[in-house]
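Below is one structure, written out as structure tokens, with a few remarks after it.
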Amino acid sequence: MHESLRERVVKQLKAEIIAGESPPGLIYSVPSLAAELDVSTTPVREALLELSSSGLVEPIRNRGFRVSRPSLKELRDLFHMRDLLETEAARLMMIERRIDAMELYKLAEDIERAVNEDDVRAYLLSDRAFHDAMFVASGNDLLAHMALSLRDRMRLFGIRSAAGLGRQRESISEHYQLIGMIESNDSAQLIELLRHHILSWQPIFEAAWSTSGKRSTQSRNSNEQ
């Protein structure tokens, strides 16, 4: 399926924001960003409006769009909802038994390779694909969409910190363990490990969030919108 310019811009900016490459407070100028990406202003503006609807950026009159900073409550609410939806998706997945374990093994290998190569963006993409495959296998399309949407809204504060890098390394074996539990039909252990897999990131994100309290006024570029 052909990827539109808007979708390509959304994907790139979302990855930058979620991975912390574009910190809270950074301002995107539409014309300058369009020139940087070598596209017209229309797909850039549409992409930023889409990111605005999901709360990742906020429009700033006559300047562009500013990367937003979620509150600590919003961050905790996201973890709570992810815990609820992802464990329910896993429960349904184990009932449906439609998951392709070989696909998961390949993605787990991609995750391991990304961590070993210190490629955070590749880690995030592979991890997203791994868990999306589990969501889809739940057989509930709405649940799968909501679970993935919550992951895409999660701001990964501290993912490049020492604790974050250590957590990435720990997650390598967890992905393989999740596959083993799926193959052995061990639903209880799967859900227990999945909850740990999700919630162990929370203290890392909260600690990094607390040190990034001062909003940045940095601009991606100097042109006006």
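The values are calculated or read from the model by the stated rules, or taken from the named source; none is laboratory data. Source: prediction; values computed, not measured. No Cβ is skipped: glycine too gets one built from the backbone with ideal geometry, and neighbour counts run over all protein chains shown.
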Check: Within segment 22-43, how many residues are buried (at least 16 other Cβ atoms within 10 Å of the Cβ) and either of a type in the set (A, V, I, L, M) or part of a loop (DSSP other than H, G, I, E, B) (or both)?
Finding: 12
Notebook entry, point to check: What residue, among those in segment 138-158 that are assigned to a helix (DSSP H, G or I) and small (Gly, Ala, Ser), is farthest from Ile17 (Cα to Cα)?
Noted result: Ala144
Notebook entry, point to check: Of the residues that make up segment 135-149, is at least one under 23 Å from Trp209 (Cα atoms) and at pLDDT 90 or above?
Noted result: yes
Margin query: Residues that are closer than 21 Å to Ala208 by Cβ, in the same structural domain as Leu143 (by TED's automatic domain parsing) and surrounded by fewer than 18 Cβ atoms within 10 Å (Cβ to Cβ): does segment 81-95 have at least one?
Written below: yes
Item checked: Hits in segment 111-130 - residues which are surrounded by 15 or more Cβ atoms within 10 Å (Cβ to Cβ) and either outside the structural domain of Glu86 (by TED's automatic domain parsing) or of a type in the set (S, T, N, Q) (or both) -> Ser126
Notebook entry, point to check: Restricting the search to segment 141-191, which residues are closer than 19 Å to Glu109 by Cα, polar (S, T, N, Q) and under 19 Å from the mean Cα position of the chain (by Cα)?
Noted result: Gln168, Ser171
